Each structure stands twice: as C-alpha cells, then as structure tokens.
Amino acid sequence: MAAHASAVAAMDAAEKARGKYAALAFATIAIAVGLPLWWKTTETYRASLPYSEIAELDTLLFQLTVPVSVVFAKGVLPASQERKLPFRKTQQVEIPLNSKTSVTSQYEMLYRSATKQEETILVQASLEEVDSRLRLMQETPMGSIVVYVVPQSSLLLPHEVAVYIGKHRNAIFRAPRGKEDLLAAVDAHVQRVAHAMSFTADSLAEALADRVLIGQPGAEWKRPFKSSLGYEITFSLLNPDPRSHDVHWDIEGAISRYMKPMLEKLSPVAEFSVDSQILYYAALGVTPRFEASSSSYRLSVHSLPHVINPVEARLGSSAASLYPVLNFLLYVPEHLHSPLYIQGKDGAAVPTNAFHSPRWGGIMVYNVELDKGNETSSLPKKVDVNMAAVMEVFLAQLRLLFGISPGPLPDGALLANPGNEGLSDWELDRLLWARTVENVATVSTTLTSLAQLLDKIGNIVIKDDVASEVYHAVASAQKAVQELKEGRLDTAFQASKAAITTSERAFFHSSLLHLLYFPDDQKFAIYIPLFLPMAVPILLSLVKILRESRQRKKEAAKMD
C-alpha cells in the first residue's frame with residue numbers, strides 16, 4: 001500500500017510538472033513567436049518618404065537668373081571704354097515676400113561689341129525688319145534678353161523713341177547724350193529695359209498668391225488663371241431674341257485665323273482645346289436702364305457681377321471639364337433692349353462694350369441696328385457678326401486672363417506689334433517665369449500637406465509607387481529651382497510641370513483613402529475577442545506557476 005501511494009504521488013508530481021512545462025511552452029510560443037508574428041503580419045506597410053527634403057522645399061528661396069547681352073554698335077563708346085569689352089557683370093535684387101518665401105532676381109550682364117553681321121543689320125531702315133533679321137541670325141534662348149545700343153546719331157530709332165522693344169527677345173536702345181562715363185549711364189538704362197522685359201515683383205507676387213498675401217486693395221480684378229496643364233476655351237453666342245435676330249458667326253474661321261496663332265504661341269505653357277456653342281433665349285439676368293438722352297440702354301459696371309451667374313448656368317461645360325474653362329460670350333441684345341452699352345465708372349460707355357471676369361472669362365455686347373420704321377416686316381433680321389472686331393476684344397481679354405501685360409516700361413519706349421501671334425516672345429518668357437515659380441510653390445504646398453497627413457494618420461499604407469511619385473516630384477521641383485538659378489527657363493518650366501504632375505498623382509492616389517483603414521481602437525476591438533479566450537488560460541497558468549514557485553521558496557526558507 002505504501003509503495004502504491006508513493007507511486008501515485010510520483011505520478012501526480014510528474015503530471016503537475018508536465019502541466020507547468022506545457023503552460024510555459026504555450027506562453028513562450030505565444031509571446032516569443034505568436035505576438036511578433038501577429039504584429040508583423042498586421043502592421044501597415046509604409047514606404048520611406050523624403051520628409052527632410054520636403055521640409056526644405058517648404059521654405060522657397062528662389063533665385064531667378066536672367067542672362068542679358070548688351071551689344072554696343074560701332075561708334076557708341078569711345079576707344080578708351082571700348083577696349084574694356086567684353087566683360088561680365090552681375091546685379092542682384094532681393095524681393096522678400098514672407099518668412100518662408102523670397103525671390104532674388106539676378107541679371108547676368110555680358111557687355112560686348114557688335115559683330116560685322118549685327119553691324120550690317122543695325123543700319124537697316126525698318127525697326128521691324130531689324131528685329132526679324134536679328135532673330136534669324138541668332139536664336140536667343142528662352143528667358144534671355146539682348147539689348148543693342150546704337151549711337152545717338154543713328155537714324156534707326158525715331159527721334160522721340162529712346163528704346164524699341166521688339167516682338168522677339170531683342171531691344172534697341174539709343175545711347176544717352178553727353179555722358180563722361182558712358183558705360184555706367186548705359187548700364188542704368190539697360191537695367192530698366194531688362195526689368196521691363198523679364199519679370200516684376202507684382203507678377204511674382206501674383207504667382208505666389210497662395211503663399212503670399214497681396215496687400216493691394218482691389219488686386220483681385222487682375223488675378224490671372226492659376227497654372228494648369230491644360231485649359232478649355234469655350235466661345236458662346238447668346239441670342240436671347242431669335243425671333244428678331246437671325247445671327248450668323250463664322251466662329252471656326254475666326255478661331256483658325258485669329259485665335260490659333262496665339263494658342264500655338266502659348267503651347268509651351270499648356271494644352272488648349274477650343275469649342276463653341278449657340279444658346280437661344282439666354283438672357284443676362286439683369287435689366288438694363290434706359291437712358292433717354294441717347295435713346296439707348298445702359299448696363300452699369302456695378303451690375304456686371306450679377307450677369308455671370310445666370311449665364312453660367314446655361315453654359316454647362318465647366319462641370320464636365322478636368323481643366324479650367326475660359327468662357328468668351330458674345331451677347332446680342334434682344335430687340336426690346338437695343339442698343340445696349342456697358343457703362344463704366346466714369347459714366348461713359350466702355351469703348352469695347354465688353355468686360356472680363358478674373359479666372360472666368362469675358363463678355364462682349366454686340367449691338368444690331370434695326371430699321372425702326374419697318375421693324376415688323378424685317379424681322380428676323382439676318383446678322384453677320386464682324387468676327388475681326390469680336391476676336392480683337394477676346395484676344396485682349398485672353399491676355400488679361402493669363403496675366404500677360406507689358407508692365408512698367410522705360411520712358412520713351414516703343415513696343416513692337418506682336419502681330420497675329422498676339423504676344424511677344426519676351427511676354428511669353430514673362431508668363432513662363434511666373435508659371436514656373438507658381439508650379440514649384442504649388443508642389444511645395446502639395447507635398448507638405450501630404451507629408452503632414454501621412455505623419456498624422458499612421459495606419460495609412462504608403463505604397464512604393466506613391467513613394468516613387470513623391471521622390472520624383474521632389475527631384476523635379478529641386479531641378480526646377482536649380483535651373484531657374486542657372487538661367488535656363490525652358491528646362492526649369494518643364495521640370496516644374498513634371499513636379500506638378502507627379503505630386504498630384506501622389507496626393508490623389510487611391511490607396512491613400514482614409515476610409516480604407518481602421519483606427520487603432522477599432523483594430524483592437526476586432527482582435528481582442530479573438531485572442532482573449534486563448535490568452536486567459538495561459539495567463540492563469542502562469543499566475544499559478546508563479547504562486548507555487550513563491551510557495552516553494554518560502555517553505556525552503558523555513559526549513560533552512
């Protein structure tokens with residue numbers, strides 16, 4: 001019996017030991033293997049992003065370098081000063097905008113003598129011919145300026161003209177009279193010409209309007225369209241009274257003849273698509289005021305903001321467009337309110353009888369003369385729109401919508417007519433300067449917002465393709481800033497466009513939708529019911545083993 005009791009006790013002890021080892025084995029596997037495996041398999045994959053480079057990009061310190069060549073014709077400089085040619089000089093002007101944004105304009109001036117070919121061209125009789133031949137002789141890169149200084153006695157410039165700014169990237173300047181240090185005097189004038197043909201603080205402030213507050217009152221009226229990869233242009237003919245007016249307009253021919261050359265000139269800036277439509281019974285939504293003294297109707301400038309909303313509801317094209325829409329409306333007043341004139345702030349009729357709305361488009365009122373003595377028998381009257389006069393107004397409005405303006409010019413300056421293209425080469429450069437700066441600033445804002453979002457929400461997956469887009473956007477933006485510093489406007493603008501494209505693809509990537517992921521509290525609410533039934537027995541066993549171990553240590557201490 002004693003042997004049997006001892007055998008049973010030994011078996012119980014062995015069974016308890018097996019239970020302890022089993023509990024310890026389960027706990028060890030759960031803690032050492034299961035918990036890390038669960039943590040690894042349920043963690044959110046987040047590819048690394050260049051957070052430090054994005055933070056550096058958030059502080060934009062632009063340096064815009066404009067290469068300027070100052071070419072002296074024969075007889076301008078005395079021999080003592082002509083021997084100093086060629087030489088280089090750099091002028092810098094810093095434009096601080098705010099604590100995170102500043103622009104430094106740098107003009108790299110190269111002073112040299114005219115070549116024999118240039119001397120031959122500069123004795124031509126026509127300024128336009130000289131400008132054209134100088135361009136054909138040497139293609140000036142985007143963003144560069146060439147200023148030719150001719151003698152005071154030169155017959156090339158009219159007497160009242162001090163400087164002629166061509167439609168390419170050339171300017172012809174008459175040397176000042178009676179200056180001892182002619183180089184210094186010419187330098188001051190050339191700097192004013194270079195400023196007029198490149199960019200201004202106002203144009204850069206408008207480009208950085210999202211980062212820099214423009215403190216000028218009423219500046220919104222000239223705010224140009226934001227930079228975009230493409231634009232849609234819609235020409236609309238509004239005929240509210242088709243029973244009185246049978247209006248015909250050759251819009252296809254007018255677009256091909258007048259608008260297409262300018263859009264081809266603007267093709268480096270963005271892609272353009274053009275369409276047209278005719279809307280019948282589409283009124284302006286504002287009742288004009290009758291003026292008895294002129295027997296006409298007047299639309300005051302204060303009522304113009306109320307014109308756009310009723311008309312825009314009939315256009316119906318902007319909602320389906322991926323790009324900004326530029327609306328150009330030709331409104332033929334109804335017979336009851338004809339003739340209709342837009343009245344300016346001074347009370348006089350606006351010469352063009354048109355107005356434009358920033359970042360929207362323009363509207364022109366086209367009056368039709370009716371035979372007052374025999375109105376009923378002549379209706380509807382056939383109207384053939386003078387598209388040359390209409391497109392002249394719309395092209396001027398298009399320049400305003402893109403912020404294309406000559407800016408402050410030197411005294412006695414004469415601008416060349418840009419011709420059918422609608423803008424000069426240096427005006428295109430001015431637009432590209434502003435758009436490049438705006439694109440880089442937009443990329444900086446987009447990437448900074450994306451980095452802050454991903455840092456705040458830690459359970460959003462960052463895939464490798466998203467990270468790749470972010471890296472490409474940062475690299476392209478850095479390249480654009482560097483190319484601006486080197487004075488290569490063309491490559492800087494292309495790099496800024498690439499940065500815009502990749503940054504937007506990263507920001508709007510479908511994998512970054514917040515609703516695809518659970519917050520941490522919801523994740524634990526899902527996993528606790530799964531692991532709690534298994535964890536309770538293991539924890540109780542570990543507690544029991546710990547208590548027995550402490551009990552044995554106490555008993556051993558008493559026996560000692």
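Annotations
- Projecting the Cα positions of Y366, A292, P86 onto the charge dipole of the chain (unit charges on Cβ atoms of Lys, Arg, Asp and Glu, taken about the Cα centre) puts P86 furthest along the positive direction.
- Among G412, Q482, Q106 the positive-end extreme of the charge dipole of the chain (Cβ point charges): Q482
- Calculated FRET efficiency for the pair Y527/I31, C-beta based, R₀ 22 Å, to 0.05: 0.90
- Computing FRET efficiency as 1/(1 + (r/R0)^6) for E264 and K485, where r is the C-beta to C-beta distance and R0 is 30 Å, gives about 0.50.
- Net charge of Cβ neighbours under 12 Å - reference Y331; Lys, Arg +1; Asp, Glu -1: -1
- Using every pair of separate Cα atoms, the Kirkwood estimate puts the hydrodynamic radius of the chain at 30.0 angstrom.
- Placing unit charges on the Cβ atoms of the charged side chains and taking the dipole of the chain about its Cα centre, the candidate lying farthest along the positive direction among I121, S228, L208 is L208.
- Positive minus negative residues near I342 (Lys, Arg vs Asp, Glu; Cβ under 13 Å): +1
- Label-point separation, L400 to K553 (7 Å along Cα→Cβ), nm: 8.9 nm
- The protection proxy used here, the mean number of other Cβ atoms lying within 10 Å of each residue, ranks peptides 402-410, 538-546 as follows, highest first: 402-410, 538-546.
- Förster-model FRET efficiency, 60 Å R0, R192 and Y281, C-beta, rounded to 0.05: 0.65
- Net length gained if the chain between A313 and A209 were fully extended (0.36 nm per residue, minus Cα distance): 34.6 nm
- Relative protection proxy for 52-60, 488-496, 238-246, from highest mean packing down: 488-496, 238-246, 52-60 (other beta-carbon atoms within 10 angstrom).
- Local electrostatic count at G75 - Lys and Arg +1, Asp and Glu -1, tallied over other residues with Cβ under 13 Å: 0
- Taking other Cβ atoms within 10 Å as a rough exposure proxy, E15, E504 sort from fewest to most as E15, E504.
- The stretch between S153 and R359, if pulled fully straight at 0.36 nm per residue, gains 69.4 nm over its current Cα-Cα span.
- Residues Y527, Y297, arranged from fewest to most other Cβ atoms within 10 angstrom of their Cβ, appear as Y527, Y297.
- Cβ crowding within 10 Å averaged over residues, with 428-437, 109-118, 472-481, 444-453 ranked highest first: 428-437, 472-481, 444-453, 109-118
- Inter-part distance, segment 43-89 to segment 275-305, computed on C-alpha centroids, equals 50 Å.
- Considering only the chain, percent of DSSP beta bridges that pair antiparallel, nearest 5: 30 percent
- Estimated from helical segments only, the mean residue ellipticity of the chain at 222 nm is -14000 deg cm²/dmol, where each DSSP H run of four or more residues counts as -39500 (n - 2.57).
- Modelled spin-label separation between K345 and V536, with each label point placed 7 Å from Cα along the Cα-to-Cβ direction: 7.9 nm.
- Placing +1 on each Lys and Arg Cβ and -1 on each Asp and Glu Cβ, with no other charges, gives segment 225-402 a dipole about its Cα centre of roughly 420 debye.
- Point-charge dipole on Cβ atoms (K/R +1, D/E -1) for the chain, about Cα centre, debye to 20: 2160 debye
- Between R18 and M137, full extension at 0.36 nm per residue minus the direct alpha carbon distance yields a gain of 33.0 nm.
- Computed over segment 123-215, the P(r) tail beyond 20 angstrom holds 48 percent of alpha carbon pairs.
No lab work stands behind these numbers, since they all come straight from the coordinates. This is a predicted model, so every value here is computed, not measured. A quick note on method: Cβ atoms are made from the backbone with ideal geometry, for glycine too, and the neighbour counts reach across all protein chains shown.
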